[in-house]
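Take a look at the structure below.
Only the coordinates and a few stated rules stand behind these numbers; no lab work does. Every value quoted in this text rests on a predicted model; they were computed, and no experiment measured them. When we count neighbours, we look across all protein chains shown, and the Cβ atoms used for this are built from the backbone with ideal geometry, even at glycine.
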Amino acid sequence: GQSLEQPSEVTAVEGAIVQINCTYQTSGFYGLSWYQQHDGGAPTFLSYNALDGLEETGRFSSFLSRSDSYGYLLLQELQMKDSASYFCACQNTGGFKTIFGAGTRLFVKA
Amino acid sequence: EAGVAQSPRYKIIEKRQSVAFWCNPISGHATLYWYQQILGQGPKLLIQFQNNGVVDDSQLPKDRFSAERLKGVDSTLKIQPAKLEDSAVYLCASSLGGGETQYFGPGTRLLVL
């Protein structure tokens, strides 16, 4: 089956850099996505990796190592509005079925 | 470009009643997903459609849940009869094809009493 593991909570201060890790187990891995979800809101897409390496999108970057079944989301210049839950999600090659992790709750302190 | 539309936004029912949710994906998106998200957990895929065909429904409790996507556009998800543990947010998402970028609707918050 498929499973993903990520820390349940991370706390950081405004202006800092934080890294949220995700390890996955799946057969037929295709890619890893990251989503942000504020309380009461819907998940919104942040970043995607299908190949090894770093993808940068503004203050957010995502990294993937297929050999280690590992990825991370890097948030730079943290702002209070970044306080939210962050989910990693993987797709497999069999119809691109998507499995989400349990989420990491990020608290940004002043 | 209009986003994914869902209705209703909120629903309160009693156990053993039935309920239906509606989703209209982004125009041109071939793939449509229904997720169940219980408070404090990640979204759990219930069913995935590619156009009007089912790609995956392995986690759909088929004794009480059903979904259809007629004409490959909008979709309905039905629960009949509802149980207390069905209380959750039901999210609809769509993507162009591969699923790496999914666009979510606002969700329907269901409370079963």
- Item | When residues of the stretch A:40-53 are limited to those that are in a loop (DSSP other than H, G, I, E, B) and within 10 Å of chain B (Cβ to nearest Cβ), the one nearest to B:Leu110 (Cα to Cα) | A:Gly40
- Message: Residue under question is A:Tyr30, and the condition is that it be within 11 Å of the chain's Cα centre (by Cα) and either farther than 23 Å from B:Gln37 by Cβ or surrounded by 14 or more Cβ atoms within 10 Å (Cβ to Cβ) (or both); does it hold?
- Response: no
- Based on what the data block shows, is A:Ser62 buried (at least 19 other Cβ atoms within 10 Å of the Cβ) and under 13 Å from the mean Cα position of the chain (by Cα)? yes
- Please specify each residue of the stretch B:15-39 satisfying the condition of being closer than 23 Å to B:Gly53 by Cα and either out of contact with any Phe, Trp or Tyr (no Cβ under 9 Å at 6 or more places or on another chain) or without any contact (Cβ under 8 Å) to a residue 12 or more places away in the chain (or both). B:Val19, B:Ala20, B:Trp22, B:Asn24, B:Ser27, B:Gly28
- The condition from (1) within 11 Å of chain A (Cβ to nearest Cβ); (2) in contact (Cβ under 8 Å) with a residue 60 or more places away in the chain that B:Ser94 misses is numbered (1)
- For residues that are part of a loop (DSSP other than H, G, I, E, B) and of a type in the set (D, E, K, R), scanning just the stretch B:35-70, find the one that is surrounded by the fewest Cβ atoms within 10 Å (Cβ to Cβ). B:Asp63
- Task: For the stretch B:27-34, indicate whether the set of residues that are within 14 Å of chain A (Cβ to nearest Cβ), of a type outside the set (Val, Ile, Thr) and in a loop (DSSP other than H, G, I, E, B) is non-empty.
- Result: yes
